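These notes concern the structure reproduced below.
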Ligand code: PEP
Ligand code: MN
């Protein structure tokens with residue numbers, strides 16, 4: 001971090017500022033020019049608050065030269081992180097991982113039909129929401145723990161590991177017993193109490209980007225989980241809110257190469273919540289594969305017209321099979337596979 005001081009700064013005020021900074025465990029070296037003095041901060045500056053420094057009357061500007069996230073940062077961990085699930089599925093390797101299933105678990109027949117179908121087409125994980133954070137309190141809220149029981153049953157039947165969304169830090173123990181990957185939804189990306197609690201489990205966490213959050217904020221949320229003890233974080237781009245109205249969200253495809261460059265964590269893409277309509281899911285998914293994602297998470301329903309949540313963006317099992325086929329082709333062209 002570099003602090004540029006104002007021209008008329010007095011020595012006594014500069015010394016006072018240096019003492020204040022040194023108390024925060026950083027080394028301060030000053031470069032005195034003919035007109036201005038510049039302070040350079042060395043060490044872990046992640047806890048140094050820029051806005052507080054700017055309160056000082058002698059400070060002109062503050063420039064950050066390193067990112068505030070350390071554990072998620074590729075500079076400190078050049079190798080890709082590979083997250084292994086118990087049954088041999090690895091996320092973050094050359095092989096791209098497909099996660100598929102309904103938005104919400106609705107009943108046994110629905111879930112088992114979808115689980116069998118997506119497995120047949122080549123999915124490696126089954127997704128399904130049991131606790132649904134809906135925008136309307138009147139919309140279907142999910143089967144809750146009964147949904148988790150059904151997901152476990154689907155895993156027993158297909159062998160597919162389960163990914164499901166948690167909505168509250170008090171459910172961590174419950175999720176530990178029932179799921180293989182715990183999903184944090186876009187609406188909870190900055191639920192810091194939840195993130196800290198998830199730092200105490202050793203389950204992989206699928207962390208979705210909030211619809212109004214920057215990539216740096218996403219990485220800082222990953223940092224919350226990692227600094228609390230759990231390094232197994234999967235980043236997920238799922239579309240952000242822009243002025244566009246023809247799509248549900250705008251898929252920020254640049255998030256894939258940017259996050260892969262900034263961080264060593266696996267990056268996956270959810271084309272379904274970006275699209276909002278089923279016919280847009282495949283082109284977005286293929287673009288994500290071409291851009292270098294490590295996985296996809298896609299909503300699939302055996303009968304989208306009667307789905308209790310997100311039917312419009314759900315692929316049928318036939319659409320899903322076609323998507324897998326086309327995605328394999330794109331993966332090959334970028335030297336990857338499914
Ligand atoms: C979901 O995966 O069903 C979901 C609610 O996603 P998001 O948090 O991205 O809106
Ligand atoms: Mn959904």
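The values are calculated or read from the model by the stated rules, or taken from the named source; none is laboratory data. Nothing here was measured: the structure is a model prediction, and the numbers come from that model. Every residue, glycine among them, receives a Cβ derived from its backbone with ideal geometry; neighbour counts consider all protein chains shown.
Considering the range 135-148 alone, what residues qualify as being out of contact with any strand residue (DSSP E or B) (no Cβ under 7 Å at 6 or more places or on another chain), under 11 Å from residue 308 (Cα atoms) and in contact (Cβ under 8 Å) with a residue 40 or more places away in the chain?
Residue satisfying the conditions is 139 alone.
Give the residue, chosen from 317, 280, that is buried (at least 16 other Cβ atoms within 10 Å of the Cβ), within 16 Å of ligand 2 (Cβ to nearest atom) and in contact (Cβ under 8 Å) with a residue 24 or more places away in the chain.
Only one candidate passes the filter, namely 280.
Find all pairs meeting these conditions: Cβ atoms under 7 angstrom apart; at least six residues apart or on different chains; first residue within the range 299-311 and more than 17 Å from residue 123 (Cβ to Cβ) and in contact (Cβ under 8 Å) with a residue 40 or more places away in the chain; second residue within 11 Å of ligand 2 (Cβ to nearest atom) and assigned to a strand (DSSP E or B).
Pairs found: 308/104; 309/104; 310/299.
When the residues of the range 7-23 are filtered to those that are surrounded by fewer than 16 Cβ atoms within 10 Å (Cβ to Cβ) and either on the phi > 0 side of the Ramachandran plot or in a loop (DSSP other than H, G, I, E, B) (or both), which remaining residue is modelled with the lowest pLDDT?
It comes out as 8.
When you look at residue 235, is it under 14 Å from residue 297 (Cβ atoms), within 12 Å of ligand 1 (Cβ to nearest atom), crowded, with 24+ Cβ neighbours inside 10 Å and touching a residue at least 24 places away in the same chain (Cβ under 8 Å), yes or no?
Answer is no for this residue.
Mind checking whether some residue in the range 130-141 is assigned to a loop (DSSP other than H, G, I, E, B), in contact with a helix residue (DSSP H, G or I) (Cβ under 8 Å, 6 or more places away or on another chain), within 14 Å of ligand 2 (Cβ to nearest atom) and at pLDDT 95 or above?
yes
Taking the residues in the range 242-263 that are within 16 Å of ligand 2 (Cβ to nearest atom) and over 17 Å from residue 293 (Cα atoms) as candidates, determine which candidate is surrounded by the most Cβ atoms within 10 Å (Cβ to Cβ).
248
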